[in-house]
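Chemist: Structure incoming, see below.
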Amino acid sequence: GQQLNQSPQSMFIQEGEDVSMNCTSSSIFNTWLWYKQDPGEGPVLLIALYKAGELTSNGRLTAQFGITRKDSFLNISASIPSDVGIYFCAGQKGPSSGTYKYIFGTGTRLKVLA
Amino acid sequence: DGGITQSPKYLFRKEGQNVTLSCEQNLNHDAMYWYRQDPGQGLRLIYYSQIVNDFQKGDIAEGYSVSREKKESFPLTVTSAQKNPTAFYLCASSDRDRGTEAFFGQGTRLTVV
C-alpha cells in the first residue's frame, strides 16, 4: 500500500536547535496532518493544514502545506527534551477521490540531547 | 470527555486463537480506522469504515476481520489466519468530510505467546 516519503528517517539534535522535516507524495492531497507519537502511545495531532500554501503554527511548531499539494513541511524551533518521539505526516485526498482514508508517512524519529 | 477508547491496553494470545480488540468513540464520527504498527515502522491500514454497516479493506486486511454495527464501535478480530499478529494496533476516527482530522486511541499491544 502507499506510504508517504518522510525525511529524515531519524535525527539527533542538541537541545535548543531548530528541526525541519518533510513529507512528499507522488499524488495530490487536500488535507495534510502532522502527528507526534510517544513510545507505547497513540499519535497525537499537532497541526492540520487544509489549503495549498497554508502556513500554520502551534507554539514552537510550524507546518506548511506545499503549493503543489504533493508535500508538507514541519519545523520545530528551539527544541526541548520532551520533543523526543516519532513525527508522522498524513495526507487525505478527500471525498472527491471516493475515500476518506488517510495515508501516513514512514515517520521521523527525533532524539534531543540535553 | 470525548475521545476514542481502545481496550485492553495489553493483550496476550496463544497461537491458533482468535482475539478481538475493542474500539469505541463518543465523538460522533462517521469514519473509523484500524492501523497496525510494527517496531520502528509507520502505520499500515488494516480496515476502515466510512459509515455504519459498511467497511473496506485496507492494505493489509488478510487475517483480520471487522464489523460496524454501531456508529460508536469498530471492533477488530485478529484471526488465527494472521501469520504474524504480534504488533501495536491503533484505532482512529474522523468526520466523513473533506479537511477533517483523524484522532487516535491509545493503542493495544498484542503479543502472541
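Chemist: Which one is nearest to the other protein chains (Cβ to nearest Cβ), of the residues in segment B:76-86 that are within 15 Å of the chain's Cα centre (by Cα) and in a loop (DSSP other than H, G, I, E, B)?
Modeler: Taking segment B:76-86 and keeping what is within 15 Å of the chain's Cα centre (by Cα), we get B:76-79, B:82, B:85-86.
Applying the additional criterion that residues be in a loop (DSSP other than H, G, I, E, B) yields B:79, B:82, B:85-86.
On the way: B:Thr79: 20, B:Gln82: 16, B:Pro85: 18, B:Thr86: 15 Å.
This residue is B:Thr86.
Chemist: Which residues, counting only those in segment B:25-75, are more than 12 Å from chain A (Cβ to nearest Cβ), among the hydrophobic types (A, V, I, L, M, F, W, C) and crowded, with 17+ Cβ neighbours inside 10 Å?
Modeler: Answer for segment B:25-75, where residues must be more than 12 Å from chain A (Cβ to nearest Cβ), among the hydrophobic types (A, V, I, L, M, F, W, C) and crowded, with 17+ Cβ neighbours inside 10 Å: B:Val66, B:Phe74.
Chemist: Would a scan of segment B:87-95 turn up a residue that is over 16 Å from B:Gln37 (Cβ atoms) and either surrounded by 17 or more Cβ atoms within 10 Å (Cβ to Cβ) or away from every other protein chain (no Cβ under 14 Å) (or both)?
Modeler: Looking for residues that are over 16 Å from B:Gln37 (Cβ atoms) and either surrounded by 17 or more Cβ atoms within 10 Å (Cβ to Cβ) or away from every other protein chain (no Cβ under 14 Å) (or both), one finds at least one in segment B:87-95, hence yes.
Chemist: Just name the residue that is farthest from the other protein chains (Cβ to nearest Cβ) out of those in segment B:96-113 that are part of a loop (DSSP other than H, G, I, E, B) and in contact (Cβ under 8 Å) with a residue 12 or more places away in the chain.
Modeler: Going residue by residue through segment B:96-113, those that are part of a loop (DSSP other than H, G, I, E, B) are B:96-102, B:105-107, B:113.
Add one more test, that the residue is in contact (Cβ under 8 Å) with a residue 12 or more places away in the chain, and what stays is B:96, B:102, B:105-107, B:113.
Details: B:Arg96: 6, B:Ala102: 5, B:Gly105: 5, B:Gln106: 5, B:Gly107: 5, B:Val113: 19 Å.
Per the criteria, the residue is B:Val113.
Chemist: Residues in segment A:5-45 that are among the hydroxyl-bearing types (Ser, Thr, Tyr) and within 11 Å of chain B (Cβ to nearest Cβ): how many?
Modeler: So the first thing to find is which residues in segment A:5-45 are among the hydroxyl-bearing types (Ser, Thr, Tyr), and the list is A:7, A:10, A:20, A:24-27, A:31, A:35.
Still in the list and also within 11 Å of chain B (Cβ to nearest Cβ): A:10, A:31, A:35.
Number satisfying all stated conditions: 3.
Chemist: Let me confirm something: among A:Thr68, A:Thr106, A:Thr99, which residue is without any contact (Cβ under 8 Å) to a residue 60 or more places away in the chain and within 14 Å of chain B (Cβ to nearest Cβ)?
Modeler: Details: A:Thr68 fails: within 14 Å of chain B (Cβ to nearest Cβ); A:Thr106 fails: without any contact (Cβ under 8 Å) to a residue 60 or more places away in the chain.
Exactly one of A:Thr68, A:Thr106, A:Thr99 is without any contact (Cβ under 8 Å) to a residue 60 or more places away in the chain and within 14 Å of chain B (Cβ to nearest Cβ), namely A:Thr99.
Chemist: Every residue in segment B:25-59 that is more than 25 Å from A:Ile86 (Cα to Cα) and in a strand (DSSP E or B), please. Even if it seems obvious, please write down each step before you answer.
Modeler: The initial filter retains those residues of segment B:25-59 that are more than 25 Å from A:Ile86 (Cα to Cα), namely B:26-30, B:49-57.
The answer is B:Ser49, B:Gln50, B:Ile51, B:Asp54, B:Phe55, B:Gln56, B:Lys57.
Chemist: Here is a further query. Tell me whether segment B:51-70 contains one or more residues that are under 21 Å from A:Val44 (Cα atoms) and either at pLDDT below 95 or aromatic (Phe, Trp, Tyr) (or both).
Modeler: In the first step, residues of segment B:51-70 are kept if they are under 21 Å from A:Val44 (Cα atoms); the result is none.
No: zero hits.
Chemist: Only one of these is at pLDDT 90 or above and out of contact with any Lys or Arg (no Cβ under 7 Å at 6 or more places or on another chain): B:Gly99, B:Gly3. Name it. Break it down into steps so the answer makes sense when it comes.
Modeler: Details: B:Gly99 fails: at pLDDT 90 or above.
After applying the criteria, what remains is B:Gly3.
Chemist: Any idea how many residues of segment A:19-72 are assigned to a loop (DSSP other than H, G, I, E, B) and under 20 Å from B:Gly105 (Cβ atoms)? First the steps, then the outcome.
Modeler: Within segment A:19-72, the subset assigned to a loop (DSSP other than H, G, I, E, B) is A:25-30, A:38-43, A:50-54, A:59-60, A:66-70.
Keeping just the survivors that are under 20 Å from B:Gly105 (Cβ atoms) gives A:38-43.
Number satisfying all stated conditions: 6.
Chemist: Determine which member of the set A:Ala48, A:Ala114, A:Ala90, A:Ala52 is in contact (Cβ under 8 Å) with a residue 12 or more places away in the chain, within 14 Å of chain B (Cβ to nearest Cβ) and farther than 24 Å from B:Gly3 by Cβ. Step through it out loud before you land on a result.
Modeler: Numbers: A:Ala48 fails: farther than 24 Å from B:Gly3 by Cβ; A:Ala114 fails: within 14 Å of chain B (Cβ to nearest Cβ); A:Ala90 fails: farther than 24 Å from B:Gly3 by Cβ.
Being in contact (Cβ under 8 Å) with a residue 12 or more places away in the chain, within 14 Å of chain B (Cβ to nearest Cβ) and farther than 24 Å from B:Gly3 by Cβ holds for just one of A:Ala48, A:Ala114, A:Ala90, A:Ala52, which is A:Ala52.
Chemist: May I ask you to list the residues in segment B:21-45 that are under 17 Å from A:Gly91 (Cα atoms) and in contact (Cβ under 8 Å) with a residue 40 or more places away in the chain? Can you show your working first?
Modeler: First, the residues of segment B:21-45 that are under 17 Å from A:Gly91 (Cα atoms): B:31-35, B:42-45.
Once the filter is applied, which keeps residues that are under 17 Å from A:Gly91 (Cα atoms) and in contact (Cβ under 8 Å) with a residue 40 or more places away in the chain, segment B:21-45 yields B:Ala31, B:Met32, B:Tyr33, B:Trp34, B:Tyr35, B:Leu43.
Chemist: Taking only segment A:72-82 into account, find how many residues are surrounded by fewer than 20 Cβ atoms within 10 Å (Cβ to Cβ), of a type outside the set (S, T, N, Q), modelled with pLDDT of 95 or more and touching a strand residue (DSSP E or B) at 6+ places or on another chain (Cβ under 8 Å).
Modeler: 1
The values are calculated or read from the model by the stated rules, or taken from the named source; none is laboratory data. Please read all numbers here as calculations on a predicted model, not as lab measurements. Please note: Cβ atoms are built from the backbone with ideal geometry, for glycine as well, and neighbour counts cover all protein chains shown.
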